[in-house]
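Student: So that we are looking at the same thing, I have put the structure below in structure tokens.
The values are calculated or read from the model by the stated rules, or taken from the named source; none is laboratory data. All figures in this text were calculated on a predicted structure; none of them were measured in a lab. No Cβ is skipped: glycine too gets one built from the backbone with ideal geometry, and neighbour counts run over all protein chains shown. Only protein heavy atoms, including side chains, enter the accessible area calculation; ligands, DNA and RNA are left aside. Shrake-Rupley method; radii C 1.70, N 1.55, O 1.52, S 1.80 Å.
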Amino acid sequence: MKKVHIKSFGCQMNVYDGQRMADILGEQGFEETATPEGADLILLNTCHIRDRAVQKVYTELGKLRDIKNSQKAEGQDTRIIVAGCVAQAEGAEIQRRQPAVDLVVGPQAYHRLPELLEQARARRVVDTDLPIDDKFGHLPAPRPQAIRQRGISAFVTVQEGCDKFCAFCVVPYTRGAEFSRPVAQIMAEIERLAASGVQDVTLIGQNVNAYHGEGPDGRIWGLARLMHRVAEVPGIARIRYTTSHPRDMDDDLIAAHRDLPQVMPFLHLPVQAGSDRILAAMNRKHSAEDYRRLIDRIRQARPDIALSSDFIVGFPGETDADFEDTIRLVDEIGFASSYSFKYSPRPGTPAAELDDAVPAAVMDERLHRLQARIEHHRQAFNHAMVGRTVDVLLERAGRHPGQLAGKSPYLQAVQIETETNQIGELVQVVIERAGSNSLFGRKAEATGAAAGKPSSEDIAA
Ligand code: SAH
Ligand code: SF4
Ligand code: F3S
């Protein structure tokens with residue numbers, strides 16, 4: 001069998017696309033390999049979101065060129081593919097900067113990989129067509145063996161692209177306009193995943209809660225209605241969705257957090273900033289107050305929900321007072337976790353034209369302070385779990401022998417000591433200790449059968 005090495009950068013959409021490209025190439029006789037050395041095909045699935053993400057791609061390509069050359073000296077033909085959002089944004093420029101690249105394929109064209117690879121035998125090829133000619137309808141169904149290798153949690157893209165045009169963001173240009181997959185197609189994929197052991201699905205999209213797909217009844221279904229259908233699939237114990245935009249959190253979706261036990265009490269809902277002036281300049285189309293009210297409504301429906309967000313510091317024109325508004329919002333909401341980034345001007349976006357750049361040293365200082373607040377709240381959230389009993393879906397072997405690792409409903413990593421439990425079991429765990437990145441606990445024993453069994457605490461001590 002020929003070998004393909006796939007490396008994905010960026011968001012979960014890229015992880016999903018990487019798996020689907022592996023499925024396509026699997027049909028062409030390629031099996032996946034963990035290292036680029038020895039591969040016949042090397043595929044970089046790239047991210048364009050910040051300048052640093054793009055620089056990483058070119059650094060990586062330099063290394064891959066060396067591998068390609070040394071394999072050529074040994075008589076092996078290696079081909080390099082660049083896929084993903086840098087492929088879309090930079091197209092043929094990639095091959096100008098790194099001539100070792102054989103094929104550039106955008107996120108909406110990768111279903112054509114087999115024919116593009118064929119063409120790339122004779123010449124360098126670029127395919128960055130954006131109109132979606134139903135890419136999803138052309139993808140092969142994942143094979144049971146591939147599903148099992150990937151574990152009991154899976155991402156399923158239900159929506160792609162973005163029509164929001166936040167002033168800083170490249171996604172509307174790299175992924176194209178909003179598109180929702182039809183319900184029947186999504187359900188067929190999820191049923192197939194469940195039949196091969198998947199229990200935890202995350203429905204993904206750049207704006208997943210803007211989902212509006214064609215239902216089997218010919219009507220347009222929203223995300224809440226789709227989740228009600230997913231919850232009926234036997235074997236699917238947990239449902240999550242990401243990433244949402246505050247403007248598209250409708251009443252039905254909020255109610256789904258109250259009504260569907262399978263929908264996990266965790267929501268990633270990026271706010272970006274706490275200052276209305278900056279939110280307006282970012283073209284977010286919501287205020288900080290809108291966001292606060294929205295969080296109140298979500299908490300009324302599901303009081304224990306854990307929240308996370310993305311933040312950008314140093315957007316052009318951000319003053320100290322604007323930044324203090326962000327800190328205040330973080331302290332008020334008390335996010336369970338969050339990502340934060342320094343603003344990176346992106347070619348072609350409206351914000352790249354703005355004057356009033358925030359000096360690098362100020363940006364560094366603000367990021368540092370924001371991250372300290374985020375970390376404070378994350379630790380507080382995790383420590384508040386100690387003594388509580390939570391459901392943990394065991395997903396893989398833990399760090400040490402005798403440990404298994406899984407996730408809490410709130411997306412926290414949990415490690416338990418166990419001799420008997422199997423991967424794939426949903427167990428009740430008493431949380432005994434909060435480490436910096438994981439919670440540690442023992443299985444709650446309704447029967448007391450395992451009394452006297454050493455807890456993780458004893459073993460760690
Ligand atoms: N709705 C999208 C957002 C994708 S980008 C999703 O599917 O997740 C992820 C995050 O990157 C954004 O929420 C934003 O916080 C950050 N980001 C986007 N453009 C950026 C830029 N130009 N500079 C810094 N951070 C940026
Ligand atoms: Fe980018 Fe804004 Fe769209 Fe998210 S909603 S992908 S941040 S333009
Ligand atoms: Fe990056 Fe594209 Fe995702 S720019 S964050 S890989 S949509």
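Student: For Thr59, what is the net charge nearby, where nearby means another residue's Cβ is under 13 Å from its Cβ and Lys, Arg count +1, Asp, Glu -1?
Tutor: Overall, the nearby charge balance is +3.
Student: Here is a further query. Using square roots of five times the C-alpha gyration tensor eigenvalues, list the equivalent-ellipsoid semi-axes of region 2-127 in whole Å, biggest first.
Tutor: Equivalent-ellipsoid dimensions as semi-axes: 19, 17, 14 Å.
Student: Cα-based Rg (one decimal) and Dmax (whole number) for region 81-187, in Å?
Tutor: 15.5, 43
Student: Within the chain, which cysteines find no other Cys whose Cβ is under 4.7 angstrom from their own?
Tutor: Cys11, Cys47, Cys85, Cys162
Student: Then there is this: Just the projected area, averaged over all directions, of the convex hull on the alpha carbon atoms of region 145-382: how many nm²?
Tutor: 13.5
Student: Mind listing the Cα extents of region 56-102 along all three principal axes, in Å, largest one first?
Tutor: 34, 17, 17
Student: For the chain, what relative contact order do you get, as a whole percent, if you take Cα pairs closer than 8 Å and at least 6 residues apart?
Tutor: 9
Student: Provide the packing ranking of 82-91, 280-289, 162-171, i.e. peptides ordered by the mean count of other C-beta atoms within 10 Å per residue, highest first.
Tutor: Highest to lowest by the protection proxy: 82-91, 162-171, 280-289.
Student: Let me check the size of region 278-418 from its C-alpha atoms; what are the radius of gyration and Dmax in Å?
Tutor: Using the Cα atoms of region 278-418, the pair Rg, Dmax is 18.6, 58 Å.
Student: Note down the magnitude of the dipole of region 145-382 about its Cα centre, charges +1 on Lys and Arg C-beta and -1 on Asp and Glu C-beta and zero elsewhere, to the nearest 20 debye.
Tutor: 760
Student: Additional query: Using the Kirkwood radius built from alpha carbon pairs, what does the Stokes-Einstein equation give as D for region 92-143 at 10 °C and 1.306 mPa s, in µm² per second?
Tutor: For the chosen part, D equals 133 µm²/s.
Student: Next question, about the same structure. When the Kirkwood hydrodynamic radius is evaluated over all pairs of different C-alpha atoms of region 1-48, what value in angstrom, to one decimal, is obtained?
Tutor: 10.7
Student: Projecting each Cα onto the charge dipole of the chain (Lys/Arg +1, Asp/Glu -1 at the beta carbon, about the Cα centre), which of Ser244, Phe155, Ala357 comes out farthest on the positive side?
Tutor: With unit charges placed on the Cβ atoms, the residue in question is Phe155.
Student: Of Met13, Gly314, Gly402, which is farthest along the charge dipole of the chain in the positive direction, counting Lys and Arg as +1 and Asp and Glu as -1 at C-beta?
Tutor: Gly402
Student: Dipole magnitude of the chain about its Cα centre, charges +1 at Lys/Arg Cβ and -1 at Asp/Glu Cβ only, in debye to the nearest 20?
Tutor: 680
Student: Using a probe of 1.4 angstrom, how much of the accessible area of region 1-137 is carbon and sulfur, in percent?
Tutor: The nonpolar share, carbon plus sulfur, comes to 45 percent.
Student: Under 12 Å from the Cβ of Ala372, count the other residues' Cβ atoms, weight Lys and Arg +1, Asp and Glu -1, and hand me the total.
Tutor: Charge balance in the 12 Å sphere: +1.
Student: If you don't mind, another one. With only alpha-carbon atoms counted, please give the Rg and Dmax of region 159-222, in Å.
Tutor: My reading of the Cα-based Rg and Dmax gives 13.8, 42 Å.
Student: If you average 1/r over all unlike Cα pairs in the chain and invert the result, what Kirkwood radius do you get in angstrom?
Tutor: Mean inverse Cα-Cα distance, inverted, gives 23.8 Å.
Student: Full extension from Arg229 to Arg388: what is 0.36 nm times the residue separation minus their Cα-Cα distance, to one decimal in nm?
Tutor: Gain on stretching Arg229 to Arg388: 54.1 nm.
Student: State to the nearest 20 debye the size of the charge dipole of region 148-218 about its Cα centre, where the only charges are +1 on K and R beta carbons and -1 on D and E beta carbons.
Tutor: 300
Student: I've got another one for you. Place +1 on the Cβ of every Lys and Arg and -1 on the Cβ of every Asp and Glu in region 163-322, take the dipole about the Cα centre, and give the residue among Ala281, Ile298, Ala256 whose Cα lies farthest towards its positive end.
Tutor: Comparing the listed Cα positions along the dipole, Ala256 ranks first.
Student: Another question, if that's okay. Among 52-63, 67-78, how do they line up by average Cβ neighbours within 10 Å per residue, starting with the highest?
Tutor: 52-63, 67-78
Student: For Thr202, what charge total do you get from the other residues with a beta carbon under 12 Å from its beta carbon, if Lys and Arg give +1 and Asp and Glu give -1?
Tutor: Residues close to Thr202 contribute a combined charge of +2.
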